[in-house]
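*Asks:* The structure that follows is given in the form of structure tokens.
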Amino acid sequence: MSERQQPQEPERAVAGTGMGGGMDLAASEATTLEREPDHPDGAGPRDRPRSLWSDAWHDLRRNPVFIVSALVICFLVLIAIRPSLIAPGNPLQCDLAKAQDGPSAGHPFGFDGQGCDVYTRTVHGARASVTVGVCATLGVAVLGSALGALAGYFGGVWDAVLSRATDIFFAIPVVLGGLVLLSVVTSNTVWPVVGFMVLLGWPQISRIARGSVITAKQHDYVQAARALGASDSRILLRHIAPNAVAPVIVVATIALGTYIALEATLSYLGVGLKPPSVSWGIEISAASPYVRNAPHALLWPAGALAVTVLAFIMLGDAVRDALDPRLR
């Protein structure tokens, strides 16, 4: 058989096996190995791995508990900022001739014992309750995180003093402390109540921040930053704080609902917000004597309070699940 009639031998290529040897492959197969693999899920080889926060946001967007609670909270914040959007009436305008009347046209929640529109007062009551909860949470988170971070990072005398101070504040009953401290306050604003909550609420956040900082400062990246000459403030703010703030955020989110409930409790007892301020605690307190004759005056503000507290607790649980890798 002549050379022209001999079958053509496919072009061969040698691919390294990674163990010092070679593997004889056809050219088409070698070309296939050289091509980058397909990524049908859209994650290419150059994509960076997600950080803790981006990974948490990725999980939260797919969590129905987070979506429902976030929508409820956004609605509450909206009506707290602009209650007139859905309740254009005046919450202080009352008519004794309609006292304890049930629902009617234009007044879907009926009237309370003073003839005030329950719907209007329930909507406007969201402003005081949400303001107290948000401001108290921010104050507690800032003060507790700062003190806890300093004690956990420096240790020594700082840590000993903070530990004894938190023990003292933990020994004070919250409701009893509110009855004693707020009974002498005559202001009708939310700030005395906010100040009381910050005063007694910071130890919990402080201990959590202290433990997180103690754990974070043992990591290698902190030791490397210290070896390179980074200052204590830079290490705390740039290296430790971003990795120790997650537990503080979770606890603060759950505590926000607790502070709203605490404000309602203190207002119900007569030492929190006082008339003519409008809040859910004041409404529940005013409707309690007429609960048999006009239960609607009690159920609507109490229901609004329960939904709000539940929404913040559900939000905190969802954030905790997203930020804690051990729960995945």
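The values are calculated or read from the model by the stated rules, or taken from the named source; none is laboratory data. The structure displayed is predicted, hence computed values, not measured ones. Ideal geometry is used to build each Cβ from the backbone, glycine not excepted, and the neighbour counts take in all protein chains shown. Areas reflect the complete protein model, heavy atoms only, side chains present, ligands, DNA and RNA absent. Shrake-Rupley method; radii C 1.70, N 1.55, O 1.52, S 1.80 Å.
*Asks:* Can you tell me, using C-alpha contacts under 8 Å and at least 6 residues apart, the relative contact order of the range 92-132 as a whole percent?
*Replies:* Averaging sequence separation for qualifying contacts and normalising by length gives 33 percent for the range 92-132.
*Asks:* Take Lys217, Lys98 and sort them by solvent-accessible surface of the protein heavy atoms, 1.4 Å probe, largest at the top.
*Replies:* Output order, biggest surface exposure first: Lys98, Lys217.
*Asks:* Considering all alpha-carbon pairs of the range 72-191, what whole percent are spaced by more than 16 angstrom?
*Replies:* 74
*Asks:* What length, rounded to one decimal in nm, is gained on full extension from Ala105 through to Ser84, with 0.36 nm per residue of separation minus their alpha-carbon distance?
*Replies:* 5.7 nm
*Asks:* Something else: Just how many % of Cα pairs in the range 103-254 lie over 28 Å apart, if you round to the nearest whole percent?
*Replies:* Of all Cα-Cα distances in the range 103-254, 40 percent exceed 28 Å.
*Asks:* In Å and from the alpha-carbon atoms only, list the Rg and Dmax of the range 90-130.
*Replies:* When restricted to Cα atoms, the range 90-130 yields Rg and Dmax of 10.0, 32 Å.
*Asks:* If you don't mind, another one. Can you give me the C-alpha center-to-center distance between the range 93-144 and the range 191-212, rounded to a whole angstrom?
*Replies:* Computed from Cα coordinates, the inter-centre distance equals 27 Å.
*Asks:* All other residues with a Cβ under 15 Å from the Cβ of Gly155 taken together, and with Lys, Arg as +1 and Asp, Glu as -1, what is their net charge?
*Replies:* Result for the neighbourhood of Gly155: +3.
*Asks:* In the range 239-328, which chymotrypsin sites (Phe, Trp or Tyr not before Pro) are in a loop and have at most 12 other Cβ atoms within 10 Å, using DSSP for the loop call?
*Replies:* Hits after loop and neighbour filter: nothing returned.
*Asks:* Note down the net charge around Val130, summing +1 for each Lys or Arg and -1 for each Asp or Glu among other residues with Cβ under 14 Å from its Cβ.
*Replies:* Surrounding charge for Val130 is +1.
*Asks:* Same structure, new question: Could you give the nm distance between label points at Ala224 and Gln93, where each point is 7 Å from its Cα heading toward the beta carbon?
*Replies:* Here the answer is 6.7 nm between the modelled labels.
*Asks:* Distances over 21 Å make up what percent of all Cα-Cα pairs in the range 169-318?
*Replies:* Result: 58 percent of Cα pairs exceed 21 Å.
*Asks:* Count charges around Glu283 for me, please; just the other residues with Cβ under 15 Å from its Cβ, Lys/Arg as +1, Asp/Glu as -1.
*Replies:* 0
*Asks:* Where the convex hull is taken over the Cα atoms of the range 227-308, what is its projected area averaged over directions, in nm²?
*Replies:* That works out to 7.9 nm².
*Asks:* With every protein chain kept in place and ligands, DNA and RNA left out, what is the accessible area per residue of the range 115-190? Probe 1.4 Å, answer in Å².
*Replies:* Roughly 45 Å² per residue, with all protein chains present.
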